[in-house]
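Trainee: Sharing a structure below in structure tokens format, with a few things to ask.
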Amino acid sequence: MRRLLSIWLPLLAFALFLLFPFYWMVLTSIKPNEELVSVTANPFWVAHPTLDHIKYLLSSTSYPRWFWNTMAVASAATALSISVSFSAAVALARLRFRGSEGVSLGIYLAYLIPPAILFIPLAEVMLKLGWFDRLWALVPVYSTFLVPFCTWLLVGYLKSIPRELEEAAMVDGASRVRIILEIILPLSAPGLISAFIFCFTLSWNEYLYALVFMSSPAHKTVPVGLATELVRGDIYQWGPLMAGALFGSLPVAVLYFFFVEHYVAGMSGALKG
Amino acid sequence: MRGLSLDRGPLLPTLLLVPSAVLLGGLLAFPLVLGVLLGFKDATIGEAGNFIGLDNYRYLLTDPVLRITALNTALYTLVTVVFKLALGLALALILNQRFAGYRFWRSVLLLPYVVPTVLSAFAWWWILDPQFSFISWGLIRLGILDQHVNFLGSAWLARASLMVANVWRGIPFFTVGYLAGLQSIPKELHEAAAIDGASGWRTFWEITWLLLLPLTTILTIFSAIFTFTDFQLIWTITRGGPANATHLFVTLAYQRAIPGGALGEGAAIAGFTLPFLALLAWAALDALRRQA
Amino acid sequence: MRKIPRRTVLGWGLGVAAGRALGQAAKVEPVFKPEKDASLRLLRWSGFVKSDEELWNANTKKFTEATGVPVSVEYITWEDVRPKAALAANLGTGPDIIMGWYDDPHIYPQKLVDVSDVAEGLGKQLGGWYDVARTYGYSNRMRHWIAVPVGGTVECLTYRTSWTKEAGFDEFPRSPADLLKLARALKAKGHPVGFALGHAVGDGNNWTHWVLWTFGGKAVEKDSKTIAIAQKPSLEAIAYVQELYAQMVPGVGSWLDPNNNRAFLAGEISLTNNGISIYYAAKKDFPQIAEDINHSPFPIGPVGRATELANFSQAFIFKHSRFPNAAKEYIRFMLSPDQAGPWVDAMNGYVTPALKQYQDLPVWTKDPKATPFRDGIARMQHNGYAGEPGQQAAAALAEFIVLDMFADATVNGMSAKDAAARAENRLRRIYRG
């Protein structure tokens, strides 16, 4: 009974709220156009499901290419951002030095001019560097909005980790570098995994930079490809659009599914010491 | 070699900070400065424009649309962050437990955050459609309403609808963050409290909440930043309408800068986020200082 | 204004005729000789119908075969063309040719290649440009053509004939007053009308500008300085719209461009303004509705002449292009009858060309329901009327000032005077020195 109240009922409530749009998206991906436009048909059901939209998505658009592009960029941007952020976070959270507050403050300024405006001055920099229409150039560009956030996130985690282990190690004579690699890094696993998920998601999600800095159709990412090629003026191709959105969400969802275990493994390992 | 030790002094922190400094300094600082400077010019898309000092800002302070936008952005941020925090934490507490299929639920309930915003915004747009919303359809069928809900056609209802969409998308942000944080809390603390006879609520407030405070601070601040500068969700669903009721700073800035061509004015509107950012920065540092 | 030598113009005509006479697909002598090793990049809006892109690509291939110049075409949503064009203008790099909208070229005219030779040549060859096309393509500031007009996605009033008959109208209304009567009657019969009052970039702007202008109102005077939006004709237009709004289906305040299409095809509304896309979607998916659809130009009000707005597109070449001659030849080629004819035909007249001779295309009469779209450009005014096209007119359009004025007075319940005053305030800022 207790579990019903503390787990199942609230879980179901959340599931309903968080997943009902997906139910609609799935239905839309398999609903033929006539049913989509009808006001009277039951929107919670499909009378004649069809795979046409999915077929269209995979064969008549460059969806597979966009998928690959987005995966590549998101993975690389995540890897870069996490390494950079972790280093910075260790410095800010664990090592005392002058100017650390100034640096911390400065990080907020990264969000002062949002991408919706920043893309123009940023484009000038990209141009001078010769990075226009180069897919991998999105990697450092994405890092500009990922790193500040991840740094702070990891600072938050690191501050939550009790210092006793490190102090013990220091008493034992371990060097700072060893402490970072052998104690702090493993203990930060849950934080790193969250940061990983955020970075990957935010990269996958990004629209404006990918739209504006990439020109060749071969360099489009999933959000840009779907929004620009399945929307023609005032006609939206809802079926393929939603199918594309769903497939596009799978990688991160699958990733998270597999990393769930590591939270626990990481923690129980650290606590045994 | 005494001076350059990795174990003492500034060498190690410096080395650790160099990558971010190079990345952000090189790629971001320059455009940022340019972007800020734009706000002090009458630049358009076609012309670099001249320095006009505070003229853009002076005008904007008298612009009724900007006033609506400021109020709307503040309200939007405040309401949604509060809900996202509360609901995100609640969900994390649930998912932190062991029960049948917990791994499945942990991935599936994150989906709102995982779907690219521009696409989930399309979906929400349909869900809130004045003629086609299945919410309206359901409510009419159940006899609760007799006509379609005009979700996006009137100012307050549109704002509320957008807030719901934003909360929907943002809950997993807090949940993912908190799940990791909850995992960092040693089980022994909870067990000790239970042995001492503490109730669930007390355990939560006096142990869990306190231990999560640094994390809460970070998550809240960044959620506030991302929400305050939200663009894609609003732009896709209403483009700031009806009649500018749902504009946020960034959507208004974009509308005036790019389709409207007034780059300088757009940059100035974006510049209005500075007081907000400054406030957040101060609050964050203050909170963290107290926790250290 | 440079004069085009008569020989050249005649040469075009002869070249084409000769080509056709000899049965050759495209071995036409280029009028503008492409540079050596030229290659081009075109950025254009996605076709509203797939056949648009198919034909455009086919024509582009013909061009490459005829001249040896490869062309890469990038298609993106029409609204996204602006930020990318803006970037190209700002950075001095990017596509060679852009097919943009409305005042785009006038925002950065100094960065564009003088295309008077192309524009005047095409005009002479093909029956001349409509006046509004010249307004959009020719820059008074630079004193030459800065863009070659392509055409517009004309809108007409799209309506269900059976329902309008049922409401007592055998002939479609010609005046706004009669349109209002029709709307009332339709509402009484349970088939309300619907016009977008949300930030619908195409539909919303088009009908609200029409209604403002048809009552004799305008945003700005000819001097491009005096703001006229709060004068009496505007107030009359607003009063009219307030009454029309009362007859509309609920929810139009949130309508973006696709909403009226969907509502119409679902039978929720009986009448709206739109391009030909509703009709063609109906023909494909809802044939019974397609049978029942017809189109009409917008009514004409006190001002006494047609004053419509359509989404107007034009092609312009950036000075940073290394191959301006190739670019000019490409534009000329694509707008010539052998290419443009089949192109317009394949998209069922979705875009009405800006050159008068294309009125003779079979697509306009093959299906009589398409005919009202043929003369849409002739019925058009430019969006910045009565001022000059340019940065300010673009800003006014992009910020939905006219549309929001009507939305304020209806959806937001403001009085006509207040709504107009708010619009005037913003226009004053935009049009300040």
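The values are calculated or read from the model by the stated rules, or taken from the named source; none is laboratory data. Since the structure is predicted, the reported quantities are computational estimates derived from the model, not experimental observations. With ideal geometry, Cβ positions are generated from the backbone for all residues, glycine too; neighbour counts draw on all protein chains shown.
Trainee: Scan the range C:389-433 residue by residue and report those that are within 21 Å of B:Pro259 (Cβ to Cβ), crowded, with 19+ Cβ neighbours inside 10 Å and among the polar types (S, T, N, Q).
Mentor: Residues satisfying the conditions are C:Gln391, C:Gln392.
Trainee: So which helices (runs of 4 or more DSSP H) are wholly in the range A:40-145 and hold at least 2 residues that are under 30 Å from A:Ile179 (Cβ atoms), free of Cβ contacts under 8 Å to residues at least 60 places away in the same chain and facing chain B (nearest Cβ under 10 Å)? It would help to see each step written out before you state the result.
Mentor: Numbers: elements: A:52-60, A:63-94, A:100-109, A:115-129.
Here the list reads A:63-94, A:100-109.
Trainee: Taking the range C:229-246, which residues are closer than 18 Å to C:Phe195 by Cα and of a type in the set (A, V, I, L, M, F, W, C)?
Mentor: C:Ala237, C:Ile238, C:Ala239, C:Val241, C:Leu244, C:Ala246
Trainee: Could you run through the range C:232-259 and say how many residues are away from chain B (no Cβ under 14 Å), free of Cβ contacts under 8 Å to residues at least 12 places away in the same chain and not in a helix (DSSP H, G or I)?
Mentor: Adding up the residues that qualify gives 0.
Trainee: Condition check: at pLDDT 80 or above and either touching a helix residue (DSSP H, G or I) at 6+ places or on another chain (Cβ under 9 Å) or over 20 Å from A:Thr70 (Cα atoms) (or both). Does A:Val103 satisfy that? Step through it out loud before you land on a result.
Mentor: Numbers: at pLDDT 80 or above: no; either touching a helix residue (DSSP H, G or I) at 6+ places or on another chain (Cβ under 9 Å) or over 20 Å from A:Thr70 (Cα atoms) (or both): yes.
Against the criterion (at pLDDT 80 or above and either touching a helix residue (DSSP H, G or I) at 6+ places or on another chain (Cβ under 9 Å) or over 20 Å from A:Thr70 (Cα atoms) (or both)), A:Val103 does not qualify.
Trainee: Could you please give the count of residues in the range A:45-83 that are of a type outside the set (D, E, K, R), under 17 Å from A:Leu211 (Cα atoms) and surrounded by fewer than 19 Cβ atoms within 10 Å (Cβ to Cβ)?
Mentor: Selection size over the range A:45-83: 4.
Trainee: Whether any residue in the range C:341-356 is basic (Lys, Arg), touching a helix residue (DSSP H, G or I) at 6+ places or on another chain (Cβ under 6 Å) and under 20 Å from C:Gln125 (Cβ atoms) is what I want to check.
Mentor: Step one: filter the range C:341-356 for residues basic (Lys, Arg), giving C:356.
Right, trim to touching a helix residue (DSSP H, G or I) at 6+ places or on another chain (Cβ under 6 Å) and you get none.
Within the range C:341-356, none of the residues are basic (Lys, Arg), touching a helix residue (DSSP H, G or I) at 6+ places or on another chain (Cβ under 6 Å) and under 20 Å from C:Gln125 (Cβ atoms).
Trainee: Sticking with this structure for a sec: Just to verify a result, which residue in the range B:99-117, among those that are more than 15 Å from A:Phe247 (Cβ to Cβ) and among the β-branched types (Val, Ile, Thr), is modelled with the lowest pLDDT? Before the answer, list the steps.
Mentor: Residues of the range B:99-117 that are more than 15 Å from A:Phe247 (Cβ to Cβ), as a first pass: B:99-110, B:112-113, B:117.
Adding the requirement that they be among the β-branched types (Val, Ile, Thr) leaves B:108, B:117.
Details: B:Val108: 83, B:Thr117: 87.
If we take residues in the range B:99-117 being more than 15 Å from A:Phe247 (Cβ to Cβ) and among the β-branched types (Val, Ile, Thr), then B:Val108 is modelled with the lowest pLDDT.
Trainee: If you don't mind, there's one more thing I want to ask. So, restricting to helices (runs of 4 or more DSSP H) that lie completely within the range B:94-192, which ones have at least 1 residues that are buried (at least 22 other Cβ atoms within 10 Å of the Cβ) and touching a strand residue (DSSP E or B) at 6+ places or on another chain (Cβ under 8 Å)? Break it down into steps so the answer makes sense when it comes.
Mentor: Values: elements: B:102-108, B:111-114, B:117-127, B:134-141, B:155-183.
Correct list: B:117-127.
Trainee: Any residue at all in the range A:228-244 that is part of a strand (DSSP E or B), more than 9 Å from chain B (Cβ to nearest Cβ) and either surrounded by fewer than 24 Cβ atoms within 10 Å (Cβ to Cβ) or of a type in the set (A, V, I, L, M, F, W, C) (or both)? Full working, then the answer.
Mentor: Applying the first criterion (part of a strand (DSSP E or B)) to the range A:228-244 yields A:231-232, A:235-236.
After this cut, where a residue has to be more than 9 Å from chain B (Cβ to nearest Cβ) as well, the list is A:232, A:235.
Still in the running and either surrounded by fewer than 24 Cβ atoms within 10 Å (Cβ to Cβ) or of a type in the set (A, V, I, L, M, F, W, C) (or both): A:232, A:235.
Within the range A:228-244, one or more residues are part of a strand (DSSP E or B), more than 9 Å from chain B (Cβ to nearest Cβ) and either surrounded by fewer than 24 Cβ atoms within 10 Å (Cβ to Cβ) or of a type in the set (A, V, I, L, M, F, W, C) (or both).
Trainee: Moving on. Tell me yes or no: at least one residue of the range C:214-228 is under 14 Å from C:Leu244 (Cα atoms), at pLDDT 95 or above, within 24 Å of the chain's Cα centre (by Cα) and not aromatic (Phe, Trp, Tyr). Full working, then the answer.
Mentor: The first filter runs over the range C:214-228 and keeps only residues under 14 Å from C:Leu244 (Cα atoms), leaving none.
The answer is no, given that none of the residues of the range C:214-228 is under 14 Å from C:Leu244 (Cα atoms), at pLDDT 95 or above, within 24 Å of the chain's Cα centre (by Cα) and not aromatic (Phe, Trp, Tyr).
Trainee: Further question on the same structure: If you scan the range B:25-39, which residues turn out to be crowded, with 23+ Cβ neighbours inside 10 Å and either among the charged types (D, E, K, R) or within 8 Å of chain A (Cβ to nearest Cβ) (or both)? Lay out the reasoning, then the answer.
Mentor: Of the range B:25-39, the ones crowded, with 23+ Cβ neighbours inside 10 Å are B:28, B:35, B:38-39.
Listed by number, the residues that qualify are B:Leu28, B:Gly35, B:Leu38.
Trainee: Would you say B:Phe83 is under 28 Å from A:Ser249 (Cα atoms) and either of a type in the set (D, E, K, R) or at the interface with another protein chain (Cβ under 10 Å from one of its Cβ atoms) (or both)?
Mentor: Values: under 28 Å from A:Ser249 (Cα atoms): yes; either of a type in the set (D, E, K, R) or at the interface with another protein chain (Cβ under 10 Å from one of its Cβ atoms) (or both): no.
Considered against the rule, which asks whether it is under 28 Å from A:Ser249 (Cα atoms) and either of a type in the set (D, E, K, R) or at the interface with another protein chain (Cβ under 10 Å from one of its Cβ atoms) (or both), B:Phe83 comes out as no.
Trainee: Do any residues in the range B:126-155 that are in contact (Cβ under 8 Å) with a residue 40 or more places away in the chain have Cβ atoms under 9 Å from those of residues that are of a type in the set (Val, Ile, Thr) and outside any helix (DSSP H, G or I), where the two are at least six apart or on different chains, and which pairs are they?
Mentor: B:Leu128/B:Val149; B:Leu152/B:Thr238; B:Leu152/B:Thr246; B:Gly153/C:Val411; B:Ser154/C:Val411; B:Ala155/B:Thr246; B:Ala155/C:Val411
Condition check ((1) aromatic (Phe, Trp, Tyr); (2) part of a loop (DSSP other than H, G, I, E, B)) across all residues:
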site: C:Trp364; (1), (2): yes, no
site: C:Phe373; (1), (2): yes, no
site: C:Gly376; (1), (2): no, yes
site: C:Asn383; (1), (2): no, yes
site: C:Ala386; (1), (2): no, yes
site: C:Ala394; (1), (2): no, no
site: C:Asp404; (1), (2): no, no
site: C:Ala407; (1), (2): no, no
site: C:Arg429; (1), (2): no, no
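Trainee: Looking at the range A:192-216, I want the residues that are more than 9 Å from chain B (Cβ to nearest Cβ) and have a partner that is of a type outside the set (D, E, K, R) and part of a loop (DSSP other than H, G, I, E, B) with Cβ atoms under 8 Å, at least 6 apart or on another chain. Which pairs are those?
Mentor: Between residues of the range A:192-216 that are more than 9 Å from chain B (Cβ to nearest Cβ) and residues that are of a type outside the set (D, E, K, R) and part of a loop (DSSP other than H, G, I, E, B), the close pairs are A:Ala210/A:Thr221; A:Phe213/A:Trp131; A:Phe213/A:Phe132; A:Met214/A:Thr221; A:Ser215/A:Phe132; A:Ser215/C:Gly94; A:Ser215/C:Pro95.
Trainee: Right, another one. Within the range C:99-113, is there a residue that is surrounded by fewer than 24 Cβ atoms within 10 Å (Cβ to Cβ), in contact (Cβ under 8 Å) with a residue 12 or more places away in the chain and of a type in the set (A, V, I, L, M, F, W, C)?
Mentor: In the first step, residues of the range C:99-113 are kept if they are surrounded by fewer than 24 Cβ atoms within 10 Å (Cβ to Cβ); the result is C:108-111, C:113.
Remaining after also requiring in contact (Cβ under 8 Å) with a residue 12 or more places away in the chain: C:108-111, C:113.
Among the residues that remain, those that are also of a type in the set (A, V, I, L, M, F, W, C) are: C:113.
Checked the range C:99-113: at least one residue is surrounded by fewer than 24 Cβ atoms within 10 Å (Cβ to Cβ), in contact (Cβ under 8 Å) with a residue 12 or more places away in the chain and of a type in the set (A, V, I, L, M, F, W, C).
Trainee: Additional query: Looking at C:Leu397, C:Leu355, C:Leu403, which one is within 17 Å of C:Gly204 (Cβ to Cβ), touching a residue at least 24 places away in the same chain (Cβ under 8 Å) and within 16 Å of the chain's Cα centre (by Cα)? Explain how you work it out, then say what you get.
Mentor: On the way: C:Leu355 fails: within 17 Å of C:Gly204 (Cβ to Cβ); C:Leu403 fails: within 16 Å of the chain's Cα centre (by Cα).
After applying the criteria, what remains is C:Leu397.
Trainee: Would you check which residues across the range C:370-394 are farther than 19 Å from C:Asn206 by Cβ and either of a type outside the set (S, T, N, Q) or touching a Pro at 6+ places or on another chain (Cβ under 8 Å) (or both) and list them?
Mentor: Listed by number, the residues that qualify are C:Glu388, C:Gly390.
Trainee: Condition test on C:Trp343, is it among the aromatic types (Phe, Trp, Tyr), surrounded by 20 or more Cβ atoms within 10 Å (Cβ to Cβ) and in contact with a Leu (Cβ under 6 Å, 6 or more places away or on another chain)? Before you say what the answer is, go through the steps one by one.
Mentor: Values: among the aromatic types (Phe, Trp, Tyr): yes; surrounded by 20 or more Cβ atoms within 10 Å (Cβ to Cβ): yes; in contact with a Leu (Cβ under 6 Å, 6 or more places away or on another chain): yes.
The answer is yes for C:Trp343.
Trainee: Take the residues in the range C:83-103 that are of a type in the set (D, E, K, R) and either touching an Asp or Glu at 6+ places or on another chain (Cβ under 6 Å) or within 11 Å of chain B (Cβ to nearest Cβ) (or both); name whichever of them is farthest from C:Ala38 (Cα to Cα). Walk me through how you get there before you give the answer.
Mentor: Filtering the range C:83-103 down to residues of a type in the set (D, E, K, R) leaves C:84, C:96, C:103.
From what's left, either touching an Asp or Glu at 6+ places or on another chain (Cβ under 6 Å) or within 11 Å of chain B (Cβ to nearest Cβ) (or both): C:84, C:103.
Details: C:Lys84: 22, C:Asp103: 29 Å.
My answer is C:Asp103.
Trainee: Looking at the range A:1-39, which of the residues that are among the β-branched types (Val, Ile, Thr) and part of a helix (DSSP H, G or I) is modelled with the lowest pLDDT?
Mentor: Taking the range A:1-39 and keeping what is among the β-branched types (Val, Ile, Thr), we get A:7, A:26, A:28, A:30, A:37, A:39.
Of the ones still in play, those that are also part of a helix (DSSP H, G or I) are A:7, A:26, A:28, A:30, A:37.
Numbers: A:Ile7: 81, A:Val26: 89, A:Thr28: 88, A:Ile30: 90, A:Val37: 74.
Among them, the one singled out is A:Val37.
Trainee: In the set B:Ile140, B:Ile185, which member is touching an Asp or Glu at 6+ places or on another chain (Cβ under 9 Å), away from chain C (no Cβ under 12 Å) and at negative phi? Talk me through it step by step, then tell me what you get.
Mentor: Values: B:Ile185 fails: touching an Asp or Glu at 6+ places or on another chain (Cβ under 9 Å).
B:Ile140 is the lone residue from the list that is touching an Asp or Glu at 6+ places or on another chain (Cβ under 9 Å), away from chain C (no Cβ under 12 Å) and at negative phi.
Trainee: I need a count of the residues in the range C:289-309 that are more than 17 Å from C:Pro368 (Cα to Cα) and either out of contact with any helix residue (DSSP H, G or I) (no Cβ under 7 Å at 6 or more places or on another chain) or within 13 Å of chain A (Cβ to nearest Cβ) (or both).
Mentor: Number of matching residues: 4.
Trainee: Okay, next question. If you take the residues of the range C:59-83 that are touching a residue at least 12 places away in the same chain (Cβ under 8 Å) and surrounded by fewer than 16 Cβ atoms within 10 Å (Cβ to Cβ), which of them is farthest from C:Asn274 (Cα to Cα)?
Mentor: First, pick out the residues of the range C:59-83 that are touching a residue at least 12 places away in the same chain (Cβ under 8 Å): C:59-60, C:62-63, C:65-79, C:81-82.
Now narrow it down to the ones that are surrounded by fewer than 16 Cβ atoms within 10 Å (Cβ to Cβ): C:65, C:68, C:70, C:72.
Working: C:Glu65: 37, C:Gly68: 40, C:Pro70: 36, C:Ser72: 31 Å.
This residue is C:Gly68.
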